[in-house]
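> Please see the structure below; I have some questions.
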Amino acid sequence: ILNVEQSPQSLHVQEGDSTNFTCSFPSSNFYALHWYRWETAKSPEALFVMTLNGDEKKKGQISATLNTKEGYSYLYIKGSQPEDSATYLCAFITNRDDKIIFGKGTRLHILP
Amino acid sequence: DGGITQSPKYLFRKEGQNVTLSCEQNLNHDAMYWYRQDPGQGLRLIYYSQIVNDFQKGDIAEGYSVSREKKESFPLTVTSAQKNPTAFYLCASSIATSGTYEQYFGPGTRLTVT
């Protein structure tokens with residue numbers, strides 16, 4: 001059974017501080033790794049789609065890195081703002097059967 | 001506007017009844033997916049379909065059934081065989097042929113079975 005782990009499960013960060021969290025996934029049969037942001041009362045929306053080892057993506061103050069050989073991805077938020085409060089999900093896509101496996105998410109709370 | 005619609009937003013059913021959740025997309029996406037979310041859990045894949053008239057079981061397909069007669073529509077039936085049907089259900093679609101499988105999600109249906 002393929003497993004995707006995210007840590008920490010929950011995180012409280014002071015506004016203006018930077019933070020990061022982790023997604024761990026199987027290092028074999030890698031096809032793609034997605035990061036999604038899920039705000040309360042909204043649908044999850046894709047932040048990054050990563051396919052190559054060593055990939056680094058950036059959108060505003062949020063960035064992500066990917067290491068497919070060791071099976072992890074980091075999401076970084078620089079200078080957290082209240083609107084960054086959300087659950088961040090990562091999803092691993094296998095090249096074996098195109099199945100998509102989500103982690104349980106990291107719930108980020110930005111404290112004013 | 002292109003997007004995915006799920007209806008209804010809230011659904012209440014009595015135990016022992018089958019119920020069908022609607023999912024429609026006008027994004028012209030090939031692939032569609034059904035996920036379930038429970039408190040403290042991630043999104044778990046129930047069924048997915050890469051093409052019309054074909055679908056595959058996800059990790060928790062027992063007690064559910066789907067059909068994919070049209071590209072735009074992927075309804076999910078929660079049968080009476082599903083032991084714990086109360087949950088939040090999300091439908092998604094993606095452009096299967098583009099290779100990234102980026103998921104576009106609907107607003108979800110919260111099903112309560114008593």
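Each reported figure results from applying straightforward, stated rules to the coordinates on display, with no laboratory input. What you see is a predicted model, and the numbers here were worked out from it, not measured in a lab. In this analysis, Cβ positions are derived from the backbone assuming ideal geometry, glycine residues included, and neighbour counts consider all displayed protein chains.
> Work out the mean other chain Cβ neighbour count within 10 Å for the residues of A:22-30 and drop it here as an integer. Please list the in-between numbers first.
Details: counts 0, 0, 0, 0, 0, 0, 0, 0, 0.
Other-chain Cβ atoms within 10 Å of each residue's Cβ, averaged: 0.
> Tell me, Kirkwood radius of chain B from alpha-carbon pair distances, in Å? Let's see the in-between values first.
Values: mean 1/r = 0.0714 Å⁻¹.
Roughly 14.0 Å, rounded to one decimal.
> Based on alpha-carbon positions alone, could you give the equivalent ellipsoid semi-axes of chain A from the gyration tensor, as √(5λ), descending, whole Å? Could you put the intermediate results ahead of the total?
Values: eigenvalues 117, 39, 27 Å².
Listed largest to smallest, the semi-axes of chain A are 24, 14, 12 Å.
> Right, something else. What nm distance separates the two modelled labels at residue A:39 and residue A:17, each placed 7 Å from Cα along Cα→Cβ?
Distance between the two pseudo-spin positions: 2.3 nm.
> Now for a different question. Give the distance, in whole Å, between the Cα centre of the range B:1-41 and the Cα centre of the range A:1-71.
The distance from the Cα centre of the range B:1-41 to that of the range A:1-71 comes to 25 Å.
> Please state the relative contact order of chain A as a whole percent: Cα pairs under 8 Å, 6+ residues apart?
Values: 275 pairs, mean separation 41.9, N = 112.
Once normalised by length, the contact order is 37 percent.
> Explain nothing, just compute: Karplus ³J(HN,Hα) = 6.51 cos²θ - 1.76 cosθ + 1.60, θ = phi - 60°, for every residue of the range A:5-19 in order, whole Hz, x for Gly and Pro.
10, 10, 9, x, 6, 9, 8, 10, 10, 6, 3, x, 7, 9, 8
> Something else now. In whole angstrom, how long is each semi-axis of the equivalent ellipsoid of the protein assembly as shown, when you take the square root of 5 times every eigenvalue of its Cα gyration tensor and sort them from largest down? Don't skip to the answer; put the middle values down first.
Numbers: eigenvalues 173, 84, 51 Å².
Result for the protein assembly as shown: semi-axes of 29, 20, 16 Å.
> I would also like to ask the following. Tell me, what is the FRET efficiency for residue A:29 and residue B:57 to the nearest 0.05, using R0 = 22 angstrom and their Cβ-Cβ distance as r? Can you show the working numbers first?
Numbers: r = 18 Å, r/R0 = 0.84.
For residue A:29 and residue B:57, the calculated efficiency is 0.75.
> Can you pull the one-decimal nm distance between simple spin-label points at residue A:96 and residue B:70, each 7 Å off the Cα toward Cβ?
Going by the 7 Å Cα→Cβ label model, 3.6 nm.
> Once amide H atoms are built 1.01 Å from N in the peptide plane, which residues 5 or more positions from residue A:81, or in another chain, come under 5 Å H to H?
A:16
> Once phi is turned into θ = phi - 60°, what whole-Hz ³J(HN,Hα) does the Karplus curve with 6.51, -1.76 and 1.60 give for every residue of the range A:88-94, x standing for Gly and Pro?
9, 10, 10, 9, 9, 10, 8
> Let me ask something additional. For residue B:41, what charge total do you get from the other residues with a beta carbon under 12 Å from its beta carbon, if Lys and Arg give +1 and Asp and Glu give -1?
That works out to +1.
> Could you work out how far apart the two model spin labels at residue B:84 and residue A:56 are, taking each label as a point 7 Å from the Cα in the direction of the beta carbon, and quote it in nm?
Between residue B:84 and residue A:56, the simple spin-label model gives 4.2 nm.
> Another question, if that's okay. Strictly over 21 Å apart at the Cα level, which of B:14/B:83; A:57/B:57; A:42/B:9 would you flag in this model?
Details: B:14/B:83 13 Å; A:57/B:57 32 Å; A:42/B:9 12 Å.
Long pairs (Cα-Cα over 21 Å): A:57/B:57.
> Under the definition of partner shielding as Cβ atoms of other protein chains within 10 Å of a residue Cβ, what is the mean value for peptide A:93-105? Intermediate values should be presented prior to the final figure.
On the way: counts 6, 0, 0, 0, 2, 8, 8, 11, 6, 8, 2, 6, 5.
Average neighbour count from other chains, rounded to a whole number: 5.
> Can I ask one more? Is the shape of the range B:63-114 rounded, prolate or oblate, going by the alpha carbon gyration tensor and its root eigenvalues a ≥ b ≥ c, with a/c under 1.5 for rounded and a/b larger than b/c for prolate?
Verdict is prolate for the range B:63-114.
> Next up: Could you give each residue of the range A:62-78 its phi-based ³J(HN,Hα) in whole Hz, using Karplus coefficients 6.51, -1.76, 1.60 with θ = phi - 60°, and x for Gly or Pro?
Per residue, the Karplus-derived 3J(HN,Hα) values read 10, 9, 9, 10, 9, 10, 7, 5, 9, x, 8, 9, 10, 10, 10, 10, 9 Hz.
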